[in-house]
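Reviewing the structure listed below.
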Amino acid sequence: MKEARPTPRRKPMLARILELEGALEGVRLERAVAAWNQHRLDGRPRAFGQVLLDLRLLDVATLRRHVALQLKLAAVPGGRKPLGVIALETGAVRPTVVAALLEKQRGSGQRLGELMVADGVLRRPQVDALLHLQRRTGPLAAA
């Protein structure tokens, strides 16, 4: 009999965004992540948003709002992990703050780290630490 190899449990970026924004937390979030991982283990992967809707943990409008935040933070394969994503993963900045800074960045052309300091979101040493993490992560693989 073929032995199933364990697959590490992952937490999708959307789950992190929902948690940081307080839209879904605790047992409900754990339940959704567990269901999403189980679908992957069973060989029938589903989008995390669809799992949330299937479990009736979020309404469509809330899901769309948070998916829009996720899309603003999307990483490009072959490039480094975006500074905004690293800031979210470390808990340094909330998703809505990163999204607002990214909008401002589009108009100004400034680097995101510079905007974080200029707007008082983070201090220079904090941004430097995030940049150090970014350099250590290296290029992202294609999904």
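Just so it is clear, none of the values below were taken in a lab; they were calculated from the coordinates. Source: prediction; values computed, not measured. Methodologically, a virtual Cβ is constructed for each residue, glycine included, from the backbone with ideal geometry; neighbour enumeration extends over all protein chains shown.
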Q: Compute the acute angle (0 to 90°) between the alpha-carbon long axis of helix 124-137 and the principal axis of greatest extent of the alpha-carbon atoms of the chain; round to the nearest 10°.
A: 50
Q. Which residues make up the longest stretch of the chain that has no GluC sites (Glu not before Pro) in a DSSP loop with at most 16 other Cβ atoms within 10 Å?
A. 26-143
Q) Where q = 0.08 Å⁻¹, what log10 of I(q)/I(0) comes from the Debye formula for the chain, counting one point per Cα? A) -0.26
Q. Over the chain, what relative contact order in percent results from Cα pairs under 8 Å that are six or more residues apart?
A. 24
Q.
Rg and Dmax in Å for the range 90-133, alpha carbons only: what are they?
A. 9.9, 26
